[in-house]
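S.K.: Sharing a structure below in structure tokens format, with a few things to ask.
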Amino acid sequence: MFLPTNEKQFGFWKMRRSGMQNISIANELGITRQGVSQALRAMDEKIESSLKEMAQANRIRIEKIDVEKGVLFGRSVPFQTAAYIFVSEKHGMQVWYEHDGDCNSCNEYTKCIEFIWDFASELGIKIEKTADPAKMADELLEKIRGVA
């Protein structure tokens with residue numbers, strides 16, 4: 001499923017994810033609280049559906065979904081490891097697998113650090129910036145589990 005990140009509903013969802021209450025969103029945008037609630041319910045359904053479809057396509061058994069944060073926790077059936085699916089405004093939907101590897105020799109090194117840093121920022125989570133994307137990811141995931 002295509003996730004419409006340019007729709008107003010997605011904007012409301014991002015505001016809520018950053019910690020704003022519905023009444024604050026309504027006041028800031030000059031609309032009714034009911035309008036915000038309806039838009040958020042519709043976007044929550046789209047996000048949940050997108051996360052589930054992505055999990056199915058990647059053969060990830062779902063353990064938990066946090067629609068408000070845009071995170072799915074699961075386990076990869078073929079890889080037998082923890083797997084996560086994230087909704088990011090900047091990076092779209094991303095699937096991550098826990099693994100041991102040599103991050104320094106990976107072609108995706110810079111992209112990984114950028115995504116981890118951006119997603120932490122989108123969630124308002126502070127993480128320590130290091131040269132090791134695996135450590136940054138572990139810290140981010142631990143903090144997400146704490147709030148999800």
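The values are calculated or read from the model by the stated rules, or taken from the named source; none is laboratory data. All of these numbers come straight from a predicted model, not from anything done at the bench. Heads up, the Cβs are rebuilt from the backbone with ideal geometry, glycines too, and the neighbour counts pull from every protein chain shown.
S.K.: Scanning region 6-33 for residues that are more than 20 Å from I47 (Cβ to Cβ) and among the hydroxyl-bearing types (S, T, Y), which turns out nearest to the chain's Cα centre (by Cα)?
M.R.: This residue is S24.
S.K.: Let me ask something else. Within region 23-74, work out how many residues are in contact with a Pro (Cβ under 8 Å, 6 or more places away or on another chain) and over 23 Å from E122 (Cα atoms).
M.R.: The qualifying residues number 1.
S.K.: Just one of (1) in a loop (DSSP other than H, G, I, E, B); (2) surrounded by 12 or more Cβ atoms within 10 Å (Cβ to Cβ); (3) out of contact with any Leu (no Cβ under 9 Å at 6 or more places or on another chain) trips up I125, so point out which.
M.R.: Here I125 clears every test but (3).
S.K.: Take the residues in region 106-138 that are among the small types (G, A, S) and closer than 21 Å to A83 by Cβ; name whichever of them is nearest to the chain's Cα centre (by Cα).
M.R.: Applying the filter and picking the extreme gives A120.
S.K.: With the checklist (1) touching a strand residue (DSSP E or B) at 6+ places or on another chain (Cβ under 8 Å); (2) farther than 14 Å from L51 by Cβ in hand, flag the one item K135 doesn't pass.
M.R.: For K135, the failing item is (1).
S.K.: If you take the residues in region 71-105 that are closer than 26 Å to E45 by Cβ and part of a loop (DSSP other than H, G, I, E, B), which one is farthest from the chain's Cα centre (by Cα)?
M.R.: Per the stated criteria, the residue is V77.
S.K.: Output the residues belonging to region 4-59 that are acidic (D, E), assigned to a helix (DSSP H, G or I) and touching a helix residue (DSSP H, G or I) at 6+ places or on another chain (Cβ under 9 Å).
M.R.: Result: E28, D44.
S.K.: Here's something else I'd like to know. Under 8 Å by Cβ, and 6 or more places apart or on different chains, what pairs join a residue from region 65-86 that is on the phi > 0 side of the Ramachandran plot and surrounded by 21 or more Cβ atoms within 10 Å (Cβ to Cβ) with one that is of a type in the set (K, R) and at pLDDT below 95?
M.R.: Qualifying pairs under 8 Å: G70/R17.
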